[in-house]
Amino acid sequence: MAFPPSVSQGAMVLGKVPPGSRVEYAGHTLRTTGYGTVVFGIGRDETGPARVVVVRPDGSRVEASIAVTARDWPVQRVDGVPPKTVDPPPEIAERIRREQAQVTAARVRDDDRADFATPFAWPVQGRISGRFGNQRVYNGKPGSPHSGMDIAAPSGTPVLAPAAGIVTFAAPDLYLTGGTLLLDHGFGISSNFLHLSRIDVKVGDRIEQGQVIGAVGATGRATGPHLHWGMNWFDVRIDPLLVLDRR
Ligand SMILES: [Zn+2]
C-alpha cells in the first residue's frame, strides 16, 4: 500500500493498494484500477489527517493516515464585475439555483475510466490571474472562495482538454458562469471550464487530451476574457495547479 505521508489542502491524492482491495475514504467506496490505483480529493478547508481504510483481498484491514498541510488563502478583490452578477435580482435567484443543481448533478458520476491518471496539461497558456481558494471580494462585497484557477487569455483562444474525458455538461449561457463545460475524467474527478465564448463539443462526446473543446470568453460574472478552470473530486473542489504540478 502506498499513499503520500502528507498533502496540501486542495490536492488530488493518488494512492496504490493491492489490486482487489476495498478502499473507503470520507464515506465513499473508492474505485480501484486493475493496478490498484485509487484517487480522492482534499478540500480547501480540510484540516486532516485524511484517513483511508483499506481491506485487502485476504480480509486484513489497514488504515493510512495522511497529514494535511494548511495553506494561506489571500484576499483577492475583483472590481468591475457586472453588478447584476454580484447582487442578482430576486427573480434570478431561482434560475441560479436551478443551473447550479444541474452542474452539481453532473458531478455525481463515478465512471470506470482512469483518464485522471495521465499527467494533466495546461488548457490555455497565460498568466494566472486568480488562484484556487482566494477569498474573493466582488465589487467590495465578500463572496465565496475562488473555486478554481483563472488563466488570462484573449477572447477566442482555443481551450484544450487538459486530460481525456467525457463531456457531461455543456451550456452556452449560465447566469453566473456563462459558457460552461464539464469534462469527466473518471473515478469522480472532473474539470469545469467557465466563461467560455464558444463550446465546440456536446454532452456524451469522448474527448482526447489536447483536443479543442471551446474558446476563452468573458461570459457570466467576469471582468475580462479569461479561462476559469476548476476541478472536483465529486463535490469536493480541488486545485488544478496542484494537479498540473504532479508532472
Ligand atoms: Zn475564476
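Laboratory data are not the source of any read-out in this text; all were calculated from the coordinates shown. These numbers come from a predicted model, not from an experiment. Cβ sites come from the backbone with ideal geometry, for glycine too, and all protein chains shown count toward neighbours.
I want the antiparallel fraction of DSSP beta bridges within segment 6-69, as a percent rounded to 5. Walk me through the intermediate numbers first.
Numbers: 18 of 21 bridges.
Roughly 85 percent of the beta bridges in segment 6-69 run antiparallel, per DSSP.
For the chain, the alpha carbon convex hull comes to 117 Å³ per residue, rounded to a whole number.
Charges only on Cβ, +1 for Lys and Arg, -1 for Asp and Glu: so what's the dipole of segment 75-245 about the Cα centre, in debye to the nearest 20? Walk me through the numbers before you get to the answer.
On the way: 17 positive and 18 negative charges, 96 e Å.
Rounded to the nearest 20 debye, it is 460 debye.
The aspartates and glutamates within cross-link reach of LYS141, meaning a Cα-to-Cα straight distance under 14 Å and a gap of 8 or more places when in the same chain, are ASP79, ASP87.
Of all trypsin sites (Lys or Arg not before Pro) in segment 116-204, which ones are in loop regions per DSSP and have a Cβ with at most 11 other Cβ atoms within 10 Å? Working shown, then result.
On the way: sites: ARG127, ARG131, ARG136, ARG198, LYS202; in loops: ARG127, ARG131, LYS202.
In loop regions of segment 116-204 (DSSP not H, G, I, E or B), the sparsely surrounded trypsin sites (Lys or Arg not before Pro) are ARG127, LYS202.
Which loop chymotrypsin sites (Phe, Trp or Tyr not before Pro) in segment 1-60, with loop taken from DSSP, have no more than 10 other Cβ atoms within 10 angstrom of their Cβ? Each step should come with its number before you reach the end.
Numbers: sites: TYR25, TYR35, PHE40; in loops: TYR35.
Answer in residue order: TYR35.
Structural size metrics of segment 6-69, computed from C-alpha coordinates, are Rg and Dmax of 11.6, 36 Å.
What number, in percent, do you get for the relative contact order of segment 6-69 if the mean sequence gap of Cα pairs under 8 Å and at least 6 apart is divided by its residue count? Provide the component values of the computation, followed by the final result.
Working: 134 pairs, mean separation 25.0, N = 64.
For segment 6-69, the relative contact order is 39 percent.
The ranking of MET1, MET12, MET149, MET231 by Cβ neighbour count inside 10 Å, starting from the fewest, reads MET1, MET12, MET149, MET231.
3J(HN,Hα) along segment 26-35, derived from phi through the Karplus expression 6.51 cos²θ - 1.76 cosθ + 1.60 where θ = phi - 60°, amounts to 6, x, 9, 8, 7, 5, 10, 6, x, 8 Hz, with x in place of Gly and Pro.
Net charge of the neighbourhood of GLY188, taken over other residues with C-beta under 15 Å away and scored Lys/Arg +1, Asp/Glu -1, is -2. Helix 90-106 and the long axis of the chain differ in direction by around 30°, with both axes built from C-alpha atoms.
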